[in-house]
Amino acid sequence: ELQLMIRHPNNSGLQRNPLTQHFIPAHFVQKLSISQADRPILSMEGGISISEDPNFRFDFTAHGTGQIQVEAIDTDGKVFRDQWPLEATGL
């Protein structure tokens with residue numbers, strides 16, 4: 001099982017600023033890709049329905065001990081990348 005938590009505001013563009021009543025511009029994770037040792041595990045295109053600070057959890061089959069690599073791109077064009085070693089869990 002892999003769990004990925006991303007800290008990002010993910011504004012839909014439909015919320016209003018409570019003080020000004022102007023719409024808050026859309027700003028969300030637009031693309032996400034997860035791989036292990038350069039082998040794709042998951043890729044997705046995001047949209048306005050993704051929550052603030054999204055949390056993704058899913059099962060996958062590990063191939064060896066290669067690191068998990070994540071790349072996320074938001075609607076402002078900012079790219080976030082990181083990688084982590086696989087952690088063995090006690091079965």
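The values are calculated or read from the model by the stated rules, or taken from the named source; none is laboratory data. Since this is a predicted model, take the numbers as computed values, not measurements. Using ideal geometry, Cβ is built from the backbone for each residue, glycine included, and neighbour counts are taken over all protein chains shown.
Filtering the stretch 23-81 to residues that are free of Cβ contacts under 8 Å to residues at least 24 places away in the same chain, under 18 Å from Asn10 (Cα atoms), part of a loop (DSSP other than H, G, I, E, B) and not small (Gly, Ala, Ser) leaves Ile24, Pro25, Lys78.
Looking across the stretch 1-30, the residues that are out of contact with any Asp or Glu (no Cβ under 8 Å at 6 or more places or on another chain) and surrounded by fewer than 10 Cβ atoms within 10 Å (Cβ to Cβ) come down to Gln3, Leu14, Asn17, Pro18, Leu19, Thr20, Gln21, His22. The set of residues from the stretch 55-91 being closer than 10 Å to Val29 by Cα and either modelled with pLDDT under 95 or among the β-branched types (Val, Ile, Thr) (or both) comprises Ile73, Thr75, Val79. The set of residues in the stretch 46-62 being loosely packed, with under 11 Cβ neighbours inside 10 Å and more than 13 Å from Met5 (Cα to Cα) consists of Ser49, Asp59, Thr61.
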